[in-house]
1. Neighbour counts of other C-beta atoms within 10 Å: give me 37, 79 arranged from fewest to most.
2. Based on the Cβ-Cβ distance from residue 151 to residue 113, what FRET efficiency comes out when R0 is 35 Å, to the nearest 0.05?
3. So what's the stretch 67-109 giving for Cα Rg divided by 2.2 N^0.38 Å, two decimals?
4. Provide, as a two-decimal number, the C-alpha radius of gyration of the stretch 49-161 over 2.2 N^0.38 Å, N being how many residues it has.
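Throughout, read-outs are computed from the coordinates displayed, never taken from laboratory work. Computed from a prediction, not measured in an experiment: that's the story for all the values here. All Cβ positions, even for glycine, are placed from backbone atoms using ideal geometry, and neighbour counts span all protein chains on display.
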């Protein structure tokens, strides 16, 4: 460990570049880096078997029914390959997740002035964004419920012709 001018110790050979290690606000960009990993994986993985046969969804592993988020990984893979129709077939909200991840990753490269302007704009509209997030979560839950009801569970007798 090397000592800095103020007497604190600092790592001399950090594996993470200083520009990525902390943002201008002093916070670590965990979410953008996670989005970067997800986008990188979407360019590498196979759309047919992205998990190579391993079931990662605990609900599907336990019950055999998909959770509301099942299919987002395959949808992002299709988006990365330019197949938007295939992405929507896998999960209708997947293209939106892919675009949000792309914006999050690109935000690490925005100039400080632009990033501050976006942050200020976001804070002024925080209540509207909170409502949109709640609405999106409810939409995701409704999609999951309808998918299970109409595609995976057997139809009741009164429903059959």
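1. Working: 37 12, 79 24.
Fewest to most other Cβ atoms nearby, the residues stand as 37, 79.
2. Once the sixth-power term is evaluated, E becomes 0.10.
3. Values: Rg = 10.4 Å, N = 43, 2.2 N^0.38 = 9.2 Å.
After normalising by residue count via 2.2 N^0.38 Å, the value is 1.13.
4. Compactness ratio reported: 1.37.
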